[in-house]
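See structure below.
The values are calculated or read from the model by the stated rules, or taken from the named source; none is laboratory data. Quantities reported herein were computed from a predicted structural model and do not represent experimental measurements. For neighbour counting, all protein chains shown are included, and Cβ atoms are generated from backbone atoms with ideal geometry for every residue, glycine included. The area values use the complete protein model at the heavy-atom level, side chains included, leaving out ligands, DNA and RNA. Shrake-Rupley method; radii C 1.70, N 1.55, O 1.52, S 1.80 Å.
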Amino acid sequence: MAGGIFSPLGSCSELEKANCHPLVCLLCHEPYQHPCLLDCYHNFCASCLRGRASDGRLRCPLCGHPSVVRGGTGLPPVDRLLQFLVDSSADGEEDVQCANCDRRCAKAELDTMYFCNTCGQPLCAPCREETHRAKMFARHEIVSLSKRTKDIHKKCPLHEEPYIMFSTEKKSMLCINCFRDMQGESRAHCIDIETAYMQGCQRLDQAVMAVKELQTSTREAIVLLKAMIEEVRNSASEEEAAINSLFGRMQEQLSERKKTLLKAVQSQHEEKEKAFKEQLAHLASLLPTLQVHLVTCSAFLSSANKAEFLDLGYQLMERLQRIVKLPHRLRPAQTSKINSEYRAEFARCLEPLLMLSPRRSVVGSAGTIGPGIAGANMLPGSQCSKTLMVPGCPPDGDKMSTGPMVRKPTMHRYISTKVLLAEGRETPFAEHCRNYENTYRMLQTEIQGLKDQVQELHRDLTKHHSLIKTEIMSEILQKSMQMDVQIAAHYSAVEMMRSVFEEVWEETYQRVANEQEIYEAQLHDLLQLRQENSCLTTITKQIAPYVRSIAKVKERLEPR
């Protein structure tokens with residue numbers, strides 16, 4: 001008996017079938033036995049709800065709304081109204097026996113039976129004509145069996161007197177003793193049973209009309225929500241298809257650009273590797289020459305006397321000087337960093353796909369001028385709705401209705417504009433935004449006024465079925481056309497400013513691009529200097545032993 005047994009209802013017919021009989025419990029699907037009323041106004045049998053309460057709260061098995069339960073039973077109060085209907089229905093289904101002739105009447109013949117409220121006994125049609133037509137029964141109250149009066153509702157349980165009055169203050173029936181025991185000011189609220197019955201019927205009719213209106217609105221809302229669910233499903237399918245299409249094109253562009261970049265990287269790698277290998281081969285061939293001449297100098301100094309030194313020493317020094325003066329490529333001609341600018345290249349290849357259209361429309365697919373004017377009162381892509389504001393249909397060929405919907409919502413644009421104006425920079429665009437906001441608020445106020453008028457007339461027509469003067473509709477239509485002209489003129493004025501702002505935006509873009517390029521170049525130069533310093537440190541460490549060797553030779557040539 002868990003609440004999960006209720007499956008989602010898919011249509012209005014299923015919603016009606018789910019509660020087709022008002023005297024059948026929705027849990028056990030049997031006639032109500034001691035029906036209990038929850039705070040959400042759903043009824044269930046007491047046995048079906050027993051054991052479901054927790055911490056003084058009982059959650060409705062149908063809608064999940066929590067109800068407060070008091071007492072040790074853990075059950076909500078019994079619904080006396082529904083219990084009365086159940087008892088009345090049970091009484092109507094029993095076989096009835098005439099009190100005079102003992103004739104039994106089948107269920108199909110209950111309409112032919114009568115009931116004497118004075119005697120408190122049922123009568124068949126023949127006995128009513130034969131016996132209760134006598135003068136002694138002239139004052140007896142004879143009604144049809146379905147309208148019989150039960151004793152429990154006929155007499156006061158406290159005084160055993162018949163009810164004669166009704167208190168509109170306490171909403172209870174009174175016998176003569178109850179009326180006498182009441183205070184004077186409370187008696188002013190007492191009326192006779194017949195008048196109370198007539199007034200109660202009128203109020204009940206009013207309550208029934210309100211419930212019927214709510215029922216009609218509920219059904220309309222259900223139809224509307226189902227239509228919106230279908231529109232959401234279609235919109236999601238279209239959005240998924242657009243995402244997949246764009247993603248596929250992005251993959252193609254990225255794949256092509258990836259191949260180009262990999263070729264460029266391979267080309268740079270081959271060129272740099274070739275250059276470094278050539279330089280390495282040159283230095284590798286130079287190193288043995290230097291080593292030989294250093295060994296030669298050391299051997300010459302150790303074996304030659306003064307005369308031999310003076311004869312051959314200067315020749316050796318000139319050779320060493322010429323070796324040193326030769327153009328040796330000791331520093332790398334280029335950096336080892338391979339830079340393909342792949343981020344910029346990928347962004348550049350995706351720019352045509354991700355670039356927003358320069359001419360955005362301010363009219364959505366439903367004909368509403370931006371999401372801020374229509375708000376939640378518009379149903380995109382639908383025709384006239386009975387519960388929501390009817391979206392207008394844009395004229396064919398209208399320039400303002402051909403583009404995609406504005407991507408930034410009105411509230412986001414409003415906040416962004418406030419932030420821009422709060423910065424205090426006096427620029428042409430800031431002045432334009434200030435003028436635009438003033439005009440937009442004025443147009444929005446006018447549109448909201450027309451919307452309120454149309455909604456009120458629409459509500460009167462559909463719910464109250466009241467007549468609407470054609471002059472009012474003509475006046476609203478004329479104002480709407482005038483607003484359309486004003487909005488179109490304002491749109492044209494804003495559109496004319498595009499060329500001015502595009503020049504400013506282009507200059508700003510170029511300036512930002514130049515600054516980014518300079519910044520990246522600064523980082524590159526610092527990295528290159530660091531790499532050159534690293535190479536210098538390595539070379540210094542390599543030639544340090546030779547410098548120390550030459551220093552020792554010099555010390556031997558020039559003793560202290």
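Expressed as a whole percentage, what fraction of the accessible surface of the stretch 97-204 belongs to carbon and sulfur atoms when a 1.4 Å probe is rolled over the protein heavy atoms?
51 percent
Calculate what fraction, in whole %, of the accessible area of the stretch 259-343 sits on carbon and sulfur atoms when a 1.4 Å probe is rolled over the protein chains.
Carbon-and-sulfur percentage of accessible area, whole number: 61.
Residue by residue through the stretch 181-192, what is 3J(HN,Hα) from phi via Karplus (6.51 cos²θ - 1.76 cosθ + 1.60, θ = phi - 60°)? Round to whole Hz and write x for glycine and proline.
Once rounded to whole Hz, the list reads 6, 6, 6, x, 5, 6, 5, 5, 9, 9, 9, 6.
Hey, with R₀ at 41 Å, roughly what FRET efficiency would H490 and E345 work out to, going by the Cβ-Cβ distance, to 0.05?
Result of the calculation: an efficiency of 0.45.
Can you pull the percent of the stretch 35-88's accessible area that's carbon plus sulfur, 1.4 Å probe, other chains left in place?
Heavy-atom surface of the stretch 35-88 belonging to carbon and sulfur, 1.4 Å probe: 53 percent.
Arrange the peptides 159-168, 433-442 so that the one whose residues have, on average, the most other Cβ atoms within 10 Å appears first.
The densest-packed peptide leads the list: 159-168, 433-442.
Can you run phi through the Karplus equation (6.51, -1.76, 1.60; θ = phi - 60°) for the stretch 522-534 and list ³J(HN,Hα) in whole Hz, with x for Gly and Pro?
Result, rounded to whole Hz: 4, 4, 5, 5, 5, 5, 5, 4, 5, 5, 4, 5, 5.
What whole-number value in Å² describes the accessible area per residue of the stretch 209-353 for a 1.4 Å probe?
77 Å²
Using C-alpha positions alone, give me the convex hull volume of the stretch 35-88 per residue in cubic angstrom.
Residue-normalised Cα hull volume stands at 74 Å³.
How far apart, in nanometres, would the label points at I323 and S217 be if each is projected 7 angstrom from Cα along the Cα-to-Cβ direction?
So the label points at I323 and S217 sit 10.6 nm apart.
Leaving out ligands and nucleic acids, note down the accessible area per residue over the stretch 35-88 with a 1.4 angstrom probe, in whole Å².
It amounts to 58 Å² per residue over the stretch 35-88.
Student exercise: in the stretch 97-204, how many lysine pairs 8 or more apart or on different chains have Cα atoms under 17 Å apart?
Step by step, the pairs that qualify in the stretch 97-204 add up to 4.
Once phi is turned into θ = phi - 60°, what whole-Hz ³J(HN,Hα) does the Karplus curve with 6.51, -1.76 and 1.60 give for every residue of the stretch 490-497, x standing for Gly and Pro?
Whole-Hz 3J(HN,Hα) from phi for the stretch 490-497: 5, 4, 5, 5, 5, 5, 5, 7.
Check which residues have an amide H placed less than 5 Å from H65's amide H, if you skip close sequence neighbours.
C60
With a 1.4 Å probe and all protein chains kept in place, how much accessible area does D311 have, in Å² rounded to the nearest 10?
Solvent-accessible area, nearest 10 Å²: 110 Å².
At 0.36 nm per residue, and after removing the present C-alpha to C-alpha distance, how many nm does the segment from L316 to K337 gain when stretched out fully?
So the extension gain works out to 3.4 nm.
Once amide H atoms are placed 1.01 Å from N in the peptide plane, what residues at a sequence separation of 5 or more from E161, or on another chain, have their amide H within under 5 Å of its amide H?
Here the answer is C156, since their amide H atoms fall under 5 Å of that of E161.
Mean projection of the alpha-carbon convex hull of the stretch 97-204 over all orientations, in nm²?
The number I arrive at for the stretch 97-204 is 8.9 nm².
Kindly sort D205, D452 by accessible area of their heavy atoms, largest first, with the probe set to 1.4 Å.
D205, D452
Could you give the nm distance between label points at H34 and S172, where each point is 7 Å from its Cα heading toward the beta carbon?
2.4 nm
Would you mind putting 52-65, 26-39 in packing order, based on average other-beta-carbon counts within 10 Å, highest first?
Per-residue Cβ counts within 10 Å, averaged per peptide and sorted highest first, yield 26-39, 52-65.
Which links in K226/K479; K277/K337; K277/K552; K212/K479; K263/K541; K306/K541 stretch past 27 Å when you go from one Cα to the other?
K226/K479; K277/K552; K212/K479; K263/K541; K306/K541
Accessible area per residue of the stretch 97-204 at 1.4 Å probe, in Å²?
Counting only protein heavy atoms, the per-residue value for the stretch 97-204 is 71 Å².
To the nearest 0.05, how large is the calculated FRET efficiency for T296 and N533 if R₀ is 30 Å and r is the Cβ-Cβ distance?
Efficiency at R0 = 30 Å is approximately 0.35.
Using label points projected 7 Å from each Cα along Cα→Cβ, tell me how many nm separate E230 and E475, to one decimal.
3.8 nm
Write down the radius of gyration of the stretch 416-560 and its Dmax, each obtained from C-alpha positions, in Å.
For the stretch 416-560, the Cα-based Rg and Dmax read 37.9, 128 Å.
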